[in-house]
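A short reminder: the numbers here are calculations on the coordinates, not readings from a lab. None of the values given here were measured: they were computed from a predicted structure. So basically every Cβ, Gly included, is an ideal-geometry build from the backbone, and we count neighbours across all protein chains shown.
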Amino acid sequence: MQAFDPTALRGDLASARFEPGPTDDKLILSMGPQHPSTHGVLRIMLELDGEYILRAEPVLGYIHRMHEWMAEQKTYMQFMPNMGRVDYLHAMAWNWAYAGAVERLMGVEVPKRAEYIRVAVTELNRISSHLLWWGAYLLDLGAFTPIMYAFDDREIILDILQAVTGSRLTYSYFTIGGVYGDVPADFASRCLAFTRHLRSRLPMYRDLVTDNVILRGRCEDIGVMDVELARRYGATGPCIRGSGAPVDTRRAEPYGVYNRFDFRIPAYTEGDAMARYMVRMDELVTSCDIIDQAVQGLPEGPIQAKVGKTVKPPKGEACYAVEGARGKIIIHVRSDGGPKPYRVKLRAPGFSNLSVFCDLARGTLLADAVSILGSLDLVIPEIDR
Amino acid sequence: MSVSQLIEEAYTGLKSLVIGLGVTGKALTQPGVTVLYPMEEVERDNLVTYRGHVELIGKDEDPAVPRCVACGACVKACPSNCITILCPVAAKEGEEAGPVKMGPAPQKGSKTPGEFIVDFSLCSLCGQCAKTCPVDSLQFSDNPYMVSFDRKDFRIDLLARLRRMARDEAVAGE
Ligand code: SF4
Ligand code: SF4
């Protein structure tokens, strides 16, 4: 029988660049899930010295589903259900980015009522995404209870959105030139009741978690990202707003009817995990404000612009940017005049946000890396696409 | 670390703990929000907006016969190829009428589907089929309780389902 020789163990392509040695303190760790069929599969190769991280490298592609290629095989409308699967937490923003790109290509004007409905459902979806992030992040940090409170509130949103779209998670609600169906009569009152409810819950969130000493200890001064670093990597959304740059696509390049609403864009200058946390907590209020204005000013009228049965944009290309819960989503559509897109490029904000991790993790403790990773709010299906 | 700092730290830690326990205690006294599934079920009004698999809508005058005109538009619109519609193929001229062959809709001279099957295991519940149907013959059912050990059970014969539902309705109406 051969003796067990640990040096003979070979890893894969990603681990090949991480060699053990020269000292005994150096440890190579593959941090991540064990099986490719689990959801949100992110693997990180770490080179550790004791408990300190020397080098970190994310390994991507475990749930790559060829969304961009699929777009080339389907007609324009048939690709819409895919958008709910790219980022399953903020499906509405992706719906919007794709519908918007095709509408821009075709020069379709969306009716006002549809625009307002789009704003309301997208913001509801953003709140549900942030709530889930909040619960899951604290779960990462070892606090179990908060996710129960978050899901309690999130369930109300899912019920409202189910009444509108028929789905609870992977929405496919937008159409080219409008929305799939009209909202029920009690939509506005349910939304207002929800925003009132959420606002009354926020002090409890603050008492339970935000002001908690353990959370503060695990988030403050952890993973400090200065604004230059964020810019260099193209980090967007709450990540860059936590670094002091109040850039938000809803304000910077207003799409839809966002320029009609009055809302505050939260920004913090510290750049640490706590700042990103605070930005998201404040964004819950921002979204509530927008929803209130959108459902109160919901105009009457059609919800679908006149678009032919087969969507056939003219030759050309168009680009559309939307502020998702994780940052700037851009979809670029190129048409060759046929019934199927020639090429669709999806720009996922999570990809850029994850790239910053290599820089942020260097020199930190392993336990802090988990906190940093969580504070970036990664949705892996969106990163892998 | 000086003694006063230690005391201060202990104080803030304890305060956090007490506040946290207060929140938990308050939640403990409130009624539960979870539905304990096999014992309880979600209320009906929450399910009417739920999208189950697609189903056919019967004609107003005869609920056992679908409105469908076997045009095949939904088959083409579906992104996941879940729908199969078969219609009798018209016999060519000069050919003697043998056993009826079935072909994919649309078939010339056939205005009702001979077979209408949806593979729910592929469906992405996008609603494209219901949206394209020219005669509004498709809608979503609201049955969330679909469990099976066999993938074949999710190939649903919608014509049989429609007949069964019409019969049940007739029985209930009597
Ligand atoms: S809902 Fe979508 S995926 Fe399902 S059968 Fe209809 S078109 Fe196909
Ligand atoms: S689109 Fe409607 S009418 Fe045409 S085959 Fe499908 S269900 Fe029947």
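Applying a DSSP loop filter and a limit of 14 other Cβ atoms within 10 Å to the trypsin sites (Lys or Arg not before Pro) in segment B:102-174 leaves B:LYS108, B:LYS111.
Taking a cut-off of 22 Å between Cα atoms, list the lysines near B:LYS26, but don't count ones fewer than 8 places away on the same chain. Here the lysines satisfying the reach criterion relative to B:LYS26 are B:LYS15.
Separation of the alpha carbons by more than 23 angstrom is noted, of A:LYS340/B:LYS76; B:LYS111/B:LYS152; A:LYS112/A:LYS309; A:LYS306/A:LYS340; B:LYS101/B:LYS131, for B:LYS111/B:LYS152; B:LYS101/B:LYS131. Check each of the GluC sites (Glu not before Pro) in segment A:276-363 and keep only those in coil by DSSP with at most 10 other C-beta atoms within 10 angstrom; list them in order. Hits after loop and neighbour filter: A:GLU300. Taking Cα centre as origin and charging only the Cβ of basic (Lys, Arg, +1) and acidic (Asp, Glu, -1) residues, the dipole magnitude of segment B:100-174 rounds to 400 debye. Annotation: lysines with alpha-carbon distance below 23 angstrom to A:LYS345 (same-chain offsets under eight excluded): A:LYS74, A:LYS312, A:LYS315, A:LYS328. Sorting A:189-197, A:274-282 by average packing, meaning the other beta carbons within 10 Å per residue, from highest down gives A:274-282, A:189-197. The GluC sites (Glu not before Pro) of segment B:2-60 that meet both conditions, a loop assignment by DSSP and at most 13 other Cβ atoms within 10 Å of the site Cβ, are B:GLU40, B:GLU41, B:GLU43. When chain B is treated as a GNM with alpha-carbon contacts under 10 Å, the residue of B:SER137, B:SER16, B:SER110 showing the greatest mean-square fluctuation is B:SER16.
Apply 1/(1 + (r/R0)^6) to the Cβ-Cβ distance of A:ASP140 and B:VAL89, taking R0 = 56 Å, and write down the FRET efficiency to the nearest 0.05. Don't skip to the end; give the middle numbers.
Details: r = 59 Å, r/R0 = 1.06.
Efficiency, from the Cβ-Cβ distance: 0.40.
Taking other C-beta atoms within 10 angstrom as a stand-in for reagent exposure, A:THR175, B:THR24 fall in the order B:THR24, A:THR175, fewest first. Rounded to the nearest 20 debye, the dipole magnitude of segment B:44-173 is 260 debye, with +1 charges on Lys and Arg beta carbons, -1 on Asp and Glu beta carbons, and the Cα centre as origin.
For segment B:64-70, 3J(HN,Hα) computed residue by residue from phi via the Karplus equation (6.51, -1.76, 1.60; θ = phi - 60°) reads 8, 10, x, 5, 3, 10, 6 Hz, glycine and proline entered as x. Neighbouring Cβ atoms from other chains, within 10 Å of the Cβ of residues in B:122-129, number 6 on average. Taken residue by residue and averaged, Cβ atoms of other chains lying within 10 Å of the Cβ of A:159-171 number 4.
Using a simple charge model, +1 on the beta-carbon of Lys and Arg, -1 on the beta-carbon of Asp and Glu, nothing else, what dipole does the protein assembly as shown show about its Cα centre, in debye to the nearest 20?
Roughly 1760 debye for the protein assembly as shown.
Between B:ASP136 and A:THR310, the FRET efficiency from the beta-carbon distance, with R0 = 25 Å, is close to 0.85.
Helix B:3-29 and the long axis of chain B differ in direction by around 40°, with both axes built from C-alpha atoms. With Cα atoms defining each centre, segment B:1-53 and segment A:65-126 are spaced 35 Å apart in the structure. Note on B:LEU47 and A:CYS358: with the Förster distance fixed at 35 Å, the Cβ-Cβ geometry gives a FRET efficiency of about 0.15. Considering only A:VAL179, A:THR210, A:LEU54, the residue lying farthest towards the positive end of the dipole of the protein assembly as shown is A:VAL179, judged by Cα position with unit charges set on Cβ. Couplings for segment A:94-103, taken from phi via the Karplus curve 6.51 cos²θ - 1.76 cosθ + 1.60 with θ = phi - 60°, read 5, 3, 5, 4, 6, 4, x, 5, 5, 4 Hz in order; Gly and Pro are left as x.
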